[in-house]
Amino acid sequence: EHPTNNIKDKQTRQQNNRRMFRLFCKKEDDLSKLRKAEAEMIEYAKKFGDRDSDSYEIKAEDVRIPAKVLPLRRGKKLKKDLHMHHVKVTSLKDDDCDSSKEDIPIVILHGYMNGALYFYRNVVSLSNHFHTVYSVDTLGMGLSSRKPGLLKKVGRSVQATEKFFVEALEAWRKANGIEKFILAGHSIGGYLGVPYA
């Protein structure tokens, strides 16, 4: 066997490995796995909250976030709009609409490196007190848009990063037609509630 054949074989294997690695890293496949896991978690979440499953609806939705509303560093642009994902629990039955429930929805934000169903044990329970509960995936986490290098396009200050996430949440609010809401959060989700308010 000629030594250059081994080198060519090795180079071909390396190229194939790189190609396979890029294919493996494609977000569509990862996202489909996450969506399947989320659907299973939604079914599991229904076991919590002491509610008749016919009295509420729980569903996952994506909302478009226009790239133009996000504050980026001068000269930086996004080629496409992003999306923010959320899980929504809505009370259905008229007899379930007791006056002690808040008409204003509650929006809950997860902590760092989590997602909307971090609150799987809480979303149905909260719907005992609120007609509508939203649990939102912040950009870059959960099933919201994940763009490699996205935060490199945001200013490097704490204030610029806060503004990026606040403006994304505000665009999400407008896209959902929510006039007013109660905001709760865990970890960085709670932190982001302060500059949002």
Requested in this report: Rank these by accessible area, largest first, 1.4 Å probe: 53, 91.
Outcome: 53, 91
Report summary line: With 0.36 nm assigned to each residue of separation and the Cα-Cα distance removed, residue 181 to residue 162 gains 4.9 nm
Query raised in the report: Tell me, in nm to one decimal, what length is gained between residue 103 and residue 37 on full extension, where the rule is 0.36 nm per residue of separation less the Cα-Cα distance?
Result: 20.7 nm
Query - Residue pairs, from the table 36/68; 88/152; 101/180; 79/174; 46/88; 68/163, whose Cα atoms sit over 24 Å apart - result: 36/68; 88/152
Query raised in the report: So, in Å, what gap is there between the alpha-carbon centers of the stretch 126-155 and the stretch 38-91?
Result: 7 Å
Report task. Any chance you could tell me what percent of the C-alpha pair distances in the stretch 57-197 go past 26 Å? Result -> 23 percent
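The values are calculated or read from the model by the stated rules, or taken from the named source; none is laboratory data. From a predicted model like this one, the values you see are computed outputs, not experimental measurements. Please note that ligands, DNA and RNA were not included when accessible areas were found on the heavy atoms of the full protein model with its side chains. Shrake-Rupley method; radii C 1.70, N 1.55, O 1.52, S 1.80 Å.
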